[in-house]
Each structure stands twice: as C-alpha cells, then as structure tokens.
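Written out below as structure tokens is the structure these notes cover.
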Amino acid sequence: MYTGAVIYLLVMSALFGIIIGSFLNVVIYRVPAGRTVVKGHSMCMTCGHNLAAKDLIPIISWATLKGKCRYCGAPIASRYTKIESFTGVAFLISAICAYKTAAPALVIFDYPEYTFGLVYFVLYALSVAAAISAMMIYFDTGKGYPGVAVWTLVLKIPAVLLPYIFNIMGDRGGVLNALKSVGIYLLQTGCAILLIFLLFLIGKKKYGIGDLFLDISILSLPLFNLYYYFRNQWIEFMAFALCYGILRSVTKGTSKDKYSGIIAVCTLLFISLIHYIYRMLITA
Ligand SMILES: [Zn+2]
C-alpha cells in the first residue's frame, strides 16, 4: 500500500543509524574521559592529525582508506566501522518493527495513530542508540555512566506519554491516566533493578552505583512494545530482567562481565524482531 514510503523509511533509518553510530563512537570515547561530545575535532589516535570531513564519512572513509590513516598510514581499528554498521542494523530492525504505523505518516499527515507511530519510532531508535553507547562504555570501562542513564529515561518517559499526547488511548485518556502510565513504567524499572540487586546479593556480588546506571540504561530500552503500547507487559519485562540479572550476577567480577551489556542489547533487538515476525504471521 505504502511501498514507496516503507522503502524510504527502511533505507533512511539504516543510513541515519550509521550516522548516529558515527556520533556514538565519539560518545563512547569521550564520556568515560569526562570530555564534552559537542565540541572538538576528531583526530588520528596515532599522529594526532585533525581529521577532515572526507575522513569522517561513516564506513566509506574507512573502506576507501583501506583502514589506514590518510596522514600517517597507521592502521585504524575496525571497531568504529563495526559500531556504525551495528547501529545502522539496529535502526533498520527498529524500522522493520515500526514500519506499519511509521511509514504511512510520511505520506498521510492528519491521522494521529500514524504520526504517533513515527514519533514513537524516532524515540525508540534514539533509546536504542543510548543503549548501544551504554553497552560499549561498559565493555571498555566496566562502568555505567549517569549521563547515559539519564538520557535513556528522558527518551522513555515521552514515549510512555505519547499515546495520551496523541489521544490514542481514547476514553481511557486524560492527565491522570498519563501520569499513572509513567508511574507504572518507573515502578517496572524499579522492580527490575531490585530483582537484579537481589540476584547480585544471592551471588554475593557487589552492586555499585555504576551497575545501577548501566541497568537503567539497558532496561530503559523499550522491549517489544512498539505495537503493545496499550499494555504494560510486566511478564515480558520481568522475564528479561531476570535473565539479564542472572547473566550480570554470574559474570560479575570475571572477564566475561564486559560482554553482558552487548548480549543484553543484542537480545532485546533479536526479541523485538522475532516478536514482530510472530505477530505478522498470526495476523496474516
Ligand atoms: Zn594518523
């Protein structure tokens, strides 16, 4: 029906994801160092030469320079390109899960459910980006950071409020229900973190403030509620928190610990995709 709009949404999402991924490389490198992400030049890690715009085109620059610095010839780690590609794929998955309501909004402007779908998708994709930076910073440093945790919350709360803003909840709408919705979301996140804390206690592992920031960042990533915004999904959410908590408490303090953020984000994206395919099959 909206084939052109769907193709446009999928292609633009992947491209936009790659560009965001390029920015995440900066975030992942600078946040743990306590540096600002908005100012300053990117430079070669070996020779310190400031990089020009032509050196900073995601994936393409790395490929055309054959993974070497244009100025000193030192090899550039493939990880930057991997993070850009991963973010592109993550945004593409998000777009696949959201295309039914997000794509028509590109051609139909006066239908609130479609506009809602598009805005929700953008918030979802940005919270995926926040989770990716949390997972990589944890991989590098073993710590969660308050700034990333705050960002995921800032993105999730408007997402929870969106159905009320667009009045999609119909007769169940109203300020009181909207606030209740935010309350339930905060309660869910709180319960999930309490569960993880208990699992750390059982495993006799120390739960620090850095762990709290990481868990907020990962758990704030909306689960598969792109089409379930009318439900609160306690079961799915707590089941994920249980698996994630066990993984974290078992690996905490070992060398495998640093992979737990990566596994969590990949699992969430995978579940979203499977859940979407499942729903598509049962409605077909
Ligand atoms: Zn160089």
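Each residue of region 128-144 was assigned a 3J(HN,Hα) from its phi angle through the Karplus expression (A = 6.51, B = -1.76, C = 1.60, θ = phi - 60°), giving 4, 4, 4, 5, 5, 5, 4, 5, 6, 5, 5, 4, 6, 10, x, 10, x Hz with x at Gly and Pro.
In terms of other Cβ atoms within 10 Å, THR115, THR152, THR267, THR254 run from fewest to most in the order THR254, THR267, THR115, THR152.
With one equal scatterer per alpha carbon and no solvent term, the Debye-computed log10 I(q)/I(0) for the chain at 0.09, 0.10, 0.14 1/Å reads -0.47, -0.58, -1.07. Charges were assigned to the Cβ only: +1 to each Lys and Arg, -1 to each Asp and Glu. The resulting dipole of the chain about its Cα centre is roughly 880 debye. Sequence-ordered 3J(HN,Hα) estimates for region 188-196 from the Karplus curve with 6.51, -1.76 and 1.60 and θ = phi - 60° stand at 4, 4, x, 5, 4, 5, 4, 4, 5 Hz, glycine and proline given as x. Across region 75-213, the volume of the C-alpha convex hull divided among the residues equals 142 Å³ per residue.
Run the reach check for LYS68 against aspartates and glutamates, Cα to Cα strictly under 14 Å, same-chain hits fewer than 8 apart removed. What comes back? Qualifying aspartates and glutamates at Cα under 14 Å: ASP55.
Using the count of nearby Cβ atoms within 10 Å as a rough guide to exposure, how do CYS69, CYS191 rank from fewest to most?
CYS191, CYS69
For LEU51, the residues whose modelled amide H falls within less than 5 Å of its own, excluding neighbours fewer than 5 places apart on the same chain, are SER42, MET43, CYS44. The HN-Hα couplings worked out from phi for region 33-39 by the Karplus form 6.51 cos²θ - 1.76 cosθ + 1.60 (θ = phi - 60°) are 7, x, 9, 6, 9, 8, 10 Hz, whole numbers, x standing for Gly and Pro. Annotation for region 66-161: chymotrypsin sites (Phe, Trp or Tyr not before Pro) lying in DSSP loop with at most 11 further Cβ atoms inside 10 Å of their Cβ are PHE109. When the C-alpha to C-alpha distance is required to be over 24 Å, the pairs from LYS39/LYS256; LYS156/LYS252; LYS204/LYS256 that qualify are LYS39/LYS256; LYS156/LYS252. When each of TRP234, TRP62 is scored by the number of other beta-carbon atoms lying within 10 Å, the sequence from fewest to most is TRP234, TRP62. A full extension of the chain between ALA33 and VAL107 corresponds to an added length of 22.3 nm, given 0.36 nm per residue minus the alpha carbon distance.
Readers should treat all values here as calculations from the given coordinates under stated rules, not as data from a laboratory. Note that the coordinates shown come from a computational prediction; the quantities given were computed from them, not determined experimentally. Cβ: placed from backbone, ideal geometry, glycine included. Neighbour counts: every protein chain shown.
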